[in-house]
Structure formats: C-alpha cells, structure tokens
1. For Asp279, list long-range residues whose amide hydrogen, built 1.01 Å from N in the peptide plane, is under 5 Å from its own amide hydrogen.
2. Where the only charges are on Cβ atoms (+1 Lys, Arg; -1 Asp, Glu), what is the dipole of the chain about its Cα centre, to the nearest 20 debye?
3. So who's got an amide H within less than 5 Å of the one on Thr446, skipping anything under 5 residues away but keeping other chains? H placed 1.01 Å off N, in plane.
4. For the chain, find the longest principal axis of its Cα atoms and tell me its angle to the long axis of helix 2-35, 0 to 90°, nearest 10.
5. Would you work out which of Val158, Asn336, Met436 lies farthest towards the positive end of the dipole of the chain, given +1 charges on the beta-carbon of Lys and Arg and -1 on that of Asp and Glu, about the Cα centre?
6. Over segment 408-467, what is the mean sequence separation of C-alpha contacts under 8 Å (at least six apart), divided by residue count, expressed as relative contact order in percent?
7. Measuring from label point to label point, each 7 Å out along Cα→Cβ, what is the Thr367 to Ser272 span in nm?
8. Report which label in (i) -0.60, -0.86, -0.93; (ii) -0.60, -0.95, -1.02; (iii) -0.37, -0.77, -0.94 holds the value of log10 I(q)/I(0) by the Debye sum over Cα atoms at q = 0.07, 0.10, 0.11 Å⁻¹ derived from the coordinates of this structure.
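Values quoted throughout were computed directly from the atomic coordinates according to the rules given, and no laboratory measurement underlies them. Since the model is a prediction, treat every value here as computed from it, not as a measurement. Here the Cβ is made from the backbone with ideal geometry for all residues, glycine too, and neighbour counts use every protein chain on show.
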Amino acid sequence: MNIMRSKNYLTAIAVAMVSVFFITSCEKTDDNETIALTVNATSPTNNATEVVLNRIVTATFSEVMDLSTLNSSSFTLKEGNDAVDGTVSYTDSTATFTPLADFSPETVYTATISTEAKSMTGTTLHKNYEWSFTSGVAPDINLPLVTLTNPITNAADVSRNAAVTVIFSEAMDESTITASSFFVTQGNLEVSGTVEYSGVVATFRPSAPLSAVTAYTATITNDVKDLAGNALASDRVWNFTTGGTIATLSAVDLGTSAKYVILAKTAITNISTSVITGDIGLSPAATSYITGLALTDATGYATSAQITGKAYAADMADPTPMALTTAVENMITAYNDAAGRPSPDFLELATGNIGGKTLSPGLYKWTNTVTIPTALTISGSADDIWIFQIAGDLNMSSAVIVTLEGGAQAKNIIWQVAGEATFGTTSHFEGVVLSMTGITLQTGATMNGRALAQTAVILDASTVSQP
C-alpha cells in the first residue's frame with residue numbers, strides 16, 4: 001500500500017509539473033502575442049464593399065518597419081487563387097501595394113501580410129495577417145481637394161511654434177505626402193521640418209521656432225495623390241505671417257513689490273524650518289497670519305532666524321501699512337501687465353507640458369494648465385526677457401530642476417499664473433511668480449526668484465532667494 005501510495009504521489013507530482021510547464025508555456029505565448037508586431041489598420045478595411053477599381057491597398061503597422069522585409073513576397077494581393085501584379089512601397093509605418101492594373105468589377109480580393117515582414121526591432125507578426133474586400137463597378141475619377149489649411153491664407157500673428165496643416169477632401173496615399181510635396185519656405189530658403197500624415201490631415205512641423213514677424217509660404221504640390229492615384233488639380237500655395245516681436249520684450253515693472261522675495265495678501269504659512277533670503281510682506285492681513293517663522297517683533301517690522309531680511313505685515317507701525325498697500329497694488333499692476341501683453345511668440349507650446357524643453361526669450365501663452373514634469377532649460381542672454389502667460393495652474397513635479405543658461409537671469413523671467421502655482425518636493429525653480437490664486441512650495445523645494453501671490457504663500461522646509 002505504501003508503494004502504491006508513493007507511485008500515486010509521484011504520478012501526481014509529474015502531472016502537476018507538466019501542467020505548470022504547459023501553463024507557463026501558454027503564458028509565454030501570451031506575452032509574445034502582447035509584444036508581437038500587429039497590423040493596426042488596413043485600407044480598404046476588412047469586408048469592405050464597392051471598392052473603386054483603381055484603389056491602392058495599404059497596411060499600417062504598430063511599429064516602424066524594416067523596409068527590406070516589405071516586398072512582393074511579404075505583401076501580396078490575390079484575386080481568387082491568382083496573384084495580382086503590383087509594387088510594394090513603404091512610408092513611416094504604412095506599407096502600400098499598388099496594383100499595375102485596375103481591379104475586376106464586383107470581385108473579391110484577399111490581401112496578405114506574411115510573417116516575413118519585420119519591424120526595425122526584429123519583431124514579427126504572430127501569424128500571417130489576411131483581409132478581404134469586394135470591388136465595385138467603376139474607378140474613382142474624382143480629384144482630391146484641399147478643403148482647409150491652417151494657418152489660413154494671409155493669416156497674421158501666427159504663433160512661432162505653429163504647425164502647418166492641410167485637410168483633404170478624402171483619404172490620401174501617404175507615400176505621396178513627403179518633404180518634397182509639402183514644404184514651407186521663407187523667401188528662397190526652405191524651412192527645416194518634418195511631414196506627417198493621418199486620416200485626411202497632412203502636417204508640417206518646423207524643426208525650430210519660426211522667426212518673429214516674418215512672411216512664410218506653404219506649398220502642397222500636385223504630386224500628392226488619393227488612394228486611387230488621382231492627384232490634386234494643381235499646386236496649393238498660400239502665405240502667412242508670424243506674430244511676436246523682433247525687438248526684445250520690455251521688462252515687467254514690479255514697482256515696490258520688487259522689495260519683497262515673498263509678498264501675499266491673505267497669509268504666509270511655513271510648515272517646517274525654511275531659509276528665506278530677502279524681505280517678506282503681508283497685506284491686508286495682519287502679523288498673526290504669518291505663521292511658522294517664529295517672528296520677533298520690532299518697530300514697523302519683525303525678524304526671524306529663518307529670514308535673512310525683515311518681515312512686514314499690515315498691522316505694524318507706520319510707515320509699513322502704507323508701504324505694503326502700495327506694494328500689493330504694484331504687484332497687481334504687474335500681474336495685469338504680464339497677462340495683457342499681446343501678440344505671443346509661442347501659443348499653447350507642447351499643449352502645456354513643457355518638460356524637457358529649452359525655452360528661448362519671448363512671450364508665451366497658454367489657455368490651460370502648464371506642467372513641468374521633467375527638467376526645463378531657459379536659455380538666453382542677461383538682457384533677454386521671458387513672459388509666460390498661464391490661464392490655468394502651474395505644476396512642477398518633485399525633484400525637477402529649472403536651469404538657466406547663456407546668462408539668463410531669474411529677475412527677467414515672469415510667470416503670470418491665473419491659477420495656483422505648485423512646486424513639488426525638492427524641485428528647483430527660477431523666476432518671478434505672479435499668481436492670482438496662490439503659491440505652494442512643497443517639502444524641500446527651492447526657488448531663485450520671487451513668490452508674489454494675491455492670496456497665500458505656503459512653504460515647507462523651503463528655500464527662497466531673491467534674484
């Protein structure tokens with residue numbers, strides 16, 4: 001009985017091991033399927049009907065492909081069992097099969113991408129990818145049209161970071177939309193940039209900001225074709241002019257608010273020991289709303305071991321109350337000046353995510369929140385001016401650093417923030433913050449600049465130094 005039990009026990013272990021091996025193998029297969037190359041879209045789509053007779057066939061992949069693996073062997077088209085003669089081309093992530101003759105009417109065709117096709121990283125399809133469609137009765141003879149451009153013809157004050165886009169009346173052959181068929185020039189000089197295509201939209205993205213107050217010409221040539229091989233009737237050419245200013249921006253006058261490294265109206269709150277270099281001021285709130293700094297009262301001001309400078313509040317002896325009232329008024333005037341500057345050089349740059357950017361001098365405008373999730377560089381000379389108009393919040397992630405280069409000075413960098421400005425733990429920031437809502441420096445955050453808020457400033461073991 002013991003021997004039998006032992007045999008049964010060993011058998012059970014063996015079965016379990018086989019099961020684990022099988023399950024593990026399936027998991028690996030599933031993992032491979034997860035990371036395998038895929039076909040994300042085709043044109044015509046699977047089971048499409050009434051496909052025009054002079055249509056090309058395309059497949060868009062999940063990765064950039066190895067051009068050498070896309071050919072008449074790996075991308076084929078059949079009419080029943082008969083191969084259709086054609087050529088294979090590739091642009092970006094889309095492969096195109098162009099038949100040498102029109103399709104037969106009302107006929108089923110089957111396209112195949114084989115596992116011979118590989119991405120640049122060497123991944124392949126898990127299995128051959130097939131899709132079918134049925135032709136119609138007539139070719140497409142309608143010429144494509146440009147229905148809209150952005151900027152429009154003769155547009156003025158165009159943002160210097162603007163992309164140039166063209167919207168077509170129908171889907172186009174992506175392989176025909178290239179840097180030679182869609183380009184931008186300034187005089188006789190071609191602007192460096194990249195060309196993209198998606199849906200019915202072609203986009204030209206300049207490699208560097210366009211020059212301020214400068215005329216540009218955009219061209220889309222009649223080399224571009226639709227999926228049936230029909231070209232534009234003629235080149236589409238249009239002009240636009242950038243905005244901004246050629247001259248250096250004038251500085252924002254902080255008035256007497258420049259006397260303070262921190263100035264607030266409702267409260268200055270310190271949670272843990274901070275280091276402040278410069279004077280701080282609070283008005284119309286009283287001294288009791290300056291908390292966490294262990295103030296020692298004097299005549300017309302107070303001192304603190306955490307402040308290399310003086311603390312002022314609206315209830316202190318004359319002339320402090322009047323001086324603070326003027327400083328707060330000057331702070332609001334400066335805020336309105338910065339917010340009201342017209343003709344931005346850069347509009348909605350990176351849709352508000354400016355991490356990793358290098359920002360040249362100029363006027364920037366966002367109608368939403370701005371985030372700094374990764375390191376930011378501000379580059380320019382000692383006399384250059386930066387004004388950032390932010391209609392939402394300003395959020396800087398923890399441990400992120402703003403760096404100045406080329407002689408740029410924090411006193412010349414103005415961040416006008418309609419919402420809250422929040423600087424993450426151990427981050428480092430440069431510039432003068434004019435906030436309508438409030439400023440918070442989280443634990444260990446440092447600032448070389450000024451925190452000027454129309455509500456409260458909150459610190460937590462922070463370091464703030466006047467520029």
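1. Here Val261, Lys310 satisfy the definition.
2. I would put it at about 1240 debye.
3. Sorted by chain and number, the residues that satisfy this are Ser427, His428, Phe429, Thr463.
4. Helix 2-35 sits roughly 80 degrees off the main axis of the chain.
5. Checking the options against the dipole of the chain, the answer is Met436.
6. For segment 408-467, the relative contact order is 31 percent.
7. Calculated label separation equals 4.1 nm.
8. So the structure-derived entry is (i).
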